[in-house]
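The values are calculated or read from the model by the stated rules, or taken from the named source; none is laboratory data. It should be emphasised that the depicted structure is a prediction, and the values quoted were computed from it without experimental measurement. Note: ideal-geometry Cβ built from the backbone for every residue, glycine included; neighbour counts use all protein chains shown. What goes into the accessible areas is simple: the full protein's heavy atoms, side chains included, and nothing from ligands, DNA or RNA. Shrake-Rupley method; radii C 1.70, N 1.55, O 1.52, S 1.80 Å.
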Amino acid sequence: MALNTPSVINLKEPKSPRKATDDIIGSISYPQIKPTLSPRAAKGPALAADLLEQHNSLATRDYFLEESRGAKWAEKLHPLSGPHDDGNSSKVPVFVMLPLDTVTQGGKLHKPRAMNASLMALKSAGVEGVMVDAWWGLVEKDGPLRYNWEGYAELVEMAKRHGLKIQMVMSFHQCGGNVGDSCSIPLPPWVLEEISKDPDLVYTDRSGRRNPEYISLGCDSMPVLRGRTPIQVYSDFMRSFRDRFSDDLGDVIVEVQVGMGPCGELRYPSYPEGNGAWRFPGIGEFQCYDKYMRASLRAAAEEAGNPDWGIDGPQDSGEYNQFPEDTGFFRREGTWNTEYGQFFLEWYSSILLQHGENILEAAEGIFQGTGAKLSGKVAGIHWHYKTRSHAAELTAGYYNTRNRDGYLPIAQMFAKHGVVLNFTCMEMRDGEQPENAGCSPEGLVQQVKMATQAAGTELAGENALERYDPAAYGQVLATSTSASGTAAAGSGLSAFTYLRLNKRLFEEDNWRHMVEFVKGMSEGGRIRRLPESDTLRSDLYIGLVKDRSLRRTKEILLV
């Protein structure tokens, strides 16, 4: 969500000389996905005629020129109708993630003039809406049960004036220290005080290293946050949000994404990049060494009739940056496939599922009847996917191996509560990944698509890296449709959220590719080239102004 998504790699990551020694054929064969978008970008100004017809009354050039001179935006707003109002059942609405610091540390909307200009441009491109993080560390910053929603209220009103929808993310994690994090927003100060008194409130690895990104699920049901349990704290936060925005839920705020872990994803922080412990494509480490998780493991082992299994976590699971074959646990015929390994992985993954169940059950009760969809996010951990053990997925809490489908139980849990499963790495292709890492983002996405279809829940998607090229957009277009070529429920994507709004998105070629992509998604995965030139000679370039005005516009749009 909206969230920052660190579950994928930088395409320029240097390759390790190590070669994967495990065999690379999975128990399920997934078809290769080919992009439908031409890899060649059209040259020169591009313009969609139907967008012009819808928006030519906006006098966009004059608007941006006045805006650059400091004119008040409130006098220039007009409701806009988008291409998603045509009743096309095969369309896939596109949302755009807003910057992580959309709301300031002081609780105000950051650079409102720039945000307004950006929203106008997005609407002119046919975008359905935007996604924004409602940070726990900002909203409940001043003390328990003291909420400040004013910056978000300003954004909601601005989006409403532009006719844009909002996906609001309940972000109960820290911002900072992961891929793409451009600012730092820690957990609320009063929560950090409690953590300083009891460091076991946060996830801990075998070396005793603490991770302050998110409260450990081991204490979900314990009143460790000044008399409230973490689940109660999250519920109170969501209830406050519902009450503050009751008039907009289901109308402007069409989706509430519920954070369930680091980066908002239902997972353990097994590959922490911010503290330098992990780098791609390391297998990561289990995060079960705080006292609350240890107590849970002991209880599970005793119930299983093997109390020795609960003394500690696996002793042969290696370190963050190792490969599966370097370890006794994850290698081809490793401990993961023994009776003990199956016990441990079942426990480790099941309590993660229960954590998600607890939060989503609370959210379902809170938002029932509001008209807003609920969604949750699952990480796209595609490295070492071609190995037998799927080590990187296992340390993150996804019990997915050569012999077991780890995503079906997650999809079934989401379906139980009517929650959309939001998945990352939709833009990635196997051929782009380093050979030694055993990556298969395409196979992983196909497996998750199959799981959501079997469970009967909707699947939504995000790109994991900032990509502006036609190949990445083409991959998303291909993924968004079912085998029959439509975005039918359960077989394609119900929505796509693009990461992320920034200055680069508005560069001429990047913007043209984005507009083409949105158009293709609105047509159910079909893509049409935009005209090479503006035949109406309006000087309008999909919501932006050319020549000297373009430079001024980009300055305004820098958010």
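Annotations
- Residues being open to solvent by less than 10 Å² (accessible area, probe 1.4 Å) and assigned to a loop (DSSP other than H, G, I, E, B) - total across region 114-141: 4
- Test: residue in region 431-439 that is in contact with a Gly (Cβ under 9 Å, 6 or more places away or on another chain) and either open to solvent by 10 Å² or more (accessible area, probe 1.4 Å) or modelled with pLDDT under 95 (or both): no
- Taken together, the criteria place S480 among residues that are within 17 Å of the chain's Cα centre (by Cα) and either open to solvent by less than 10 Å² (accessible area, probe 1.4 Å) or at pLDDT 95 or above (or both).
- Residue list for region 256-299, restricted to those being within 19 Å of P230 (Cα to Cα) and open to solvent by 10 Å² or more (accessible area, probe 1.4 Å): Y289, K291, Y292, R294, A295, S296
- Some residue of region 431-444 being in contact with a strand residue (DSSP E or B) (Cβ under 9 Å, 6 or more places away or on another chain), assigned to a helix (DSSP H, G or I) and either more than 18 Å from F280 (Cα to Cα) or not aliphatic (A, V, I, L, M) (or both): no
- Residues that are in contact with a helix residue (DSSP H, G or I) (Cβ under 9 Å, 6 or more places away or on another chain) and either in a loop (DSSP other than H, G, I, E, B) or within 19 Å of G356 (Cβ to Cβ) (or both) within region 182-197 comprise P186, L187, P188, listed in sequence order.
- Breaking point among (1) touching a residue at least 24 places away in the same chain (Cβ under 8 Å); (2) open to solvent by 20 Å² or more (accessible area, probe 1.4 Å), for D243: (1)
- Answer residue from region 287-340, given it is in contact with a Pro (Cβ under 9 Å, 6 or more places away or on another chain) and among the hydrophobic types (A, V, I, L, M, F, W, C) and is farthest from A277 (Cα to Cα) among those: A301
Yes or no, residue by residue, for (1) over 19 Å from D142 (Cα atoms); (2) not β-branched (V, I, T):
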| site | (1), (2) |
| --- | --- |
| L187 | no, yes |
| E194 | no, yes |
| V202 | yes, no |
| G208 | yes, yes |
| R242 | yes, yes |
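- Long-range neighbours under 7 Å by Cβ, at least six apart or interchain, first residue at positive phi and modelled with pLDDT of 95 or more within region 276-294, second surrounded by 24 or more Cβ atoms within 10 Å (Cβ to Cβ) and assigned to a loop (DSSP other than H, G, I, E, B): G284/S270; G284/Y271
- Any chance E427 is open to solvent by less than 20 Å² (accessible area, probe 1.4 Å), charged (D, E, K, R) and either part of a loop (DSSP other than H, G, I, E, B) or touching a residue at least 60 places away in the same chain (Cβ under 8 Å) (or both): yes
- Boolean, E154 is under 22 Å from T104 (Cα atoms), more than 19 Å from the chain's Cα centre (by Cα), crowded, with 21+ Cβ neighbours inside 10 Å and among the acidic types (D, E): no
- Residue in region 430-437 that is among the polar types (S, T, N, Q) and either in contact (Cβ under 8 Å) with a residue 40 or more places away in the chain or closer than 21 Å to I253 by Cα (or both) present: yes
- Qualifying residue in region 327-342 (condition: under 24 Å from A464 (Cβ atoms) and of a type in the set (V, I, T)): no
- Filtering region 328-367 to residues that are in contact (Cβ under 8 Å) with a residue 24 or more places away in the chain, polar (S, T, N, Q) and closer than 19 Å to G318 by Cβ leaves N337, S349.
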